[in-house]
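Q: Quick one: the structure is below, questions incoming.
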Amino acid sequence: MSDLFENYLSSTGELSAEEIHFSVQFFKPTDLKKNDFFIRENESCRYIGFIATGAVKAYVLDKEGNENVTCFKFENEFITSFQEFVKQENSIRSIRTIENSILYRINFQDFQDLLTRIPAWNNVIKSLMEKEYSQKERYLLNYNNRSAVDKYQHVLSNEPMLVRRVATQDLASYLGITQRSLTRAKRQIHSHNIV
């Protein structure tokens, strides 16, 4: 399984083969079952994780205790609450598995040690932060101020993995609509495609 992680690190083009081989020893494999927490809201953000297999959702709870899903992450993606991890503060969100998952995680102290020993990791993290920012920008552009049908049509066209792997209630939360609206949007789109 560590081959997946090594292949991903190699694909970044930032680390040499020796640096990759040295780096992977800092990351510990962790099996998480569906619905296990990687990070809990209001608890210390102690780890960065790499998803080898599986998927997670990040969310915050509103005043009524409902989950407001902010993103999904799948294989070959890093997860954490970056700002809180760097500052070693409590997380403002929860990150929880939506499938049985295998992650490689590193704690803050080991991560600091890794950055000191292999400065090229700073470029890997910079790239991850840029990707996070880009994903948030795309989310705002594609899902704000649009109808439920438009939002679902966009998901079908551009993020079909969400339709295949994410529960309806989580997808509705992510799109900022009710489950009922999502079900209606699905029906409307699929009935038009059949006719």
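The values are calculated or read from the model by the stated rules, or taken from the named source; none is laboratory data. All of these numbers come straight from a predicted model, not from anything done at the bench. For neighbour counting, all protein chains shown are included, and Cβ atoms are generated from backbone atoms with ideal geometry for every residue, glycine included.
Q: Do you know which residues across segment 18-60 are farther than 17 Å from residue 86 by Cβ and of a type in the set (D, E, K, R)?
A: Scanning segment 18-60 gives 18, 19, 28, 31, 33, 34, 36, 40, 41, 57.
Q: Checking residue 76 against (1) within 15 Å of the chain's Cα centre (by Cα); (2) more than 21 Å from residue 135 (Cα to Cα): exactly one of these is not met. Which one?
A: Only one criterion is unmet by residue 76, namely (2).
Q: What tally of residues in segment 85-112 results from selecting those that are closer than 28 Å to residue 177 by Cα and at pLDDT below 95?
A: 3
Q: When residue 21 is evaluated against the numbered criteria (1) within 16 Å of the chain's Cα centre (by Cα); (2) on the phi < 0 side of the Ramachandran plot, which criterion, by number, is the only one it fails?
A: (1)
Q: Identify all residues within segment 11-52 that are surrounded by 15 or more Cβ atoms within 10 Å (Cβ to Cβ) and of a type in the set (Ser, Thr, Tyr); write none if there are none.
A: 23, 30, 47
Q: Let me ask you something else. What do you reckon, is residue 73 in contact with a strand residue (DSSP E or B) (Cβ under 8 Å, 6 or more places away or on another chain), farther than 24 Å from residue 116 by Cα and without any contact (Cβ under 8 Å) to a residue 40 or more places away in the chain?
A: So residue 73 fits the description; yes.
Q: Which condition number does residue 57 fail, the rest of (1) surrounded by fewer than 17 Cβ atoms within 10 Å (Cβ to Cβ); (2) charged (D, E, K, R); (3) touching a residue at least 24 places away in the same chain (Cβ under 8 Å); (4) more than 24 Å from residue 109 (Cα to Cα) being met?
A: Tallying (1) surrounded by fewer than 17 Cβ atoms within 10 Å (Cβ to Cβ); (2) charged (D, E, K, R); (3) touching a residue at least 24 places away in the same chain (Cβ under 8 Å); (4) more than 24 Å from residue 109 (Cα to Cα), residue 57 fails exactly one: (1).
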